[in-house]
Amino acid sequence: MSGAQVLDIARDGIWVLIIISAPMMIVGLLVGVVIALFQALTQIQEMTLVFVPKIIAIFVTLLIALPFMGATMAAYMNRIVDLIITGG
């Protein structure tokens, strides 16, 4: 296995990581912005108000996106296993 192939595998791994984590990060960002707007409009400055809705939203997103995440990780693992079996 050459250095270029190792870099390709690492690059693909980073992309898989970004693709898998993107739904939860986007939902966390959106919920955070909505709550920040709500706090700014109502002048409620409670620090713990952000955590519970954000945790619940990320958990629900995780449950919804779990099949997609599993399929993406399985496809990446299959590519790596094929490279191992064929020898590069």
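The values are calculated or read from the model by the stated rules, or taken from the named source; none is laboratory data. Just so we're clear, the structure is a prediction, and the values are computed from it rather than from any experiment. All Cβ positions, glycine included, derive from the backbone under ideal geometry; neighbour counts span all protein chains shown.
Filtered by the rule that a residue be within 12 Å of the chain's Cα centre (by Cα) and among the polar types (S, T, N, Q), segment 54-80 gives Thr61, Thr72.
Yes or no: segment 54-64 includes at least one residue that is out of contact with any strand residue (DSSP E or B) (no Cβ under 7 Å at 6 or more places or on another chain), touching a residue at least 60 places away in the same chain (Cβ under 8 Å) and basic (Lys, Arg). Can you show your working first?
First pass over segment 54-64, keeping only residues out of contact with any strand residue (DSSP E or B) (no Cβ under 7 Å at 6 or more places or on another chain): 54-64.
Within this subset, residues satisfying the condition of being touching a residue at least 60 places away in the same chain (Cβ under 8 Å) are none.
There is no residue in segment 54-64 that is out of contact with any strand residue (DSSP E or B) (no Cβ under 7 Å at 6 or more places or on another chain), touching a residue at least 60 places away in the same chain (Cβ under 8 Å) and basic (Lys, Arg).
Being acidic (Asp, Glu) and either in a helix (DSSP H, G or I) or surrounded by 12 or more Cβ atoms within 10 Å (Cβ to Cβ) (or both) is the filter here; which residues of segment 39-88 pass it?
Initial filter on segment 39-88 (acidic (Asp, Glu)): 46, 82.
Selection gives Asp82 alone.
Those residues that are within 20 Å of Met77 (Cβ to Cβ) and over 18 Å from the mean Cα position of the chain (by Cα), I need them from segment 9-49; list them, please. Once the filter is applied, which keeps residues that are within 20 Å of Met77 (Cβ to Cβ) and over 18 Å from the mean Cα position of the chain (by Cα), segment 9-49 yields only Ile9.
Residues of segment 1-37 that are modelled with pLDDT under 90 and either in contact with a helix residue (DSSP H, G or I) (Cβ under 9 Å, 6 or more places away or on another chain) or outside any helix (DSSP H, G or I) (or both): Met1, Ser2, Gln5.
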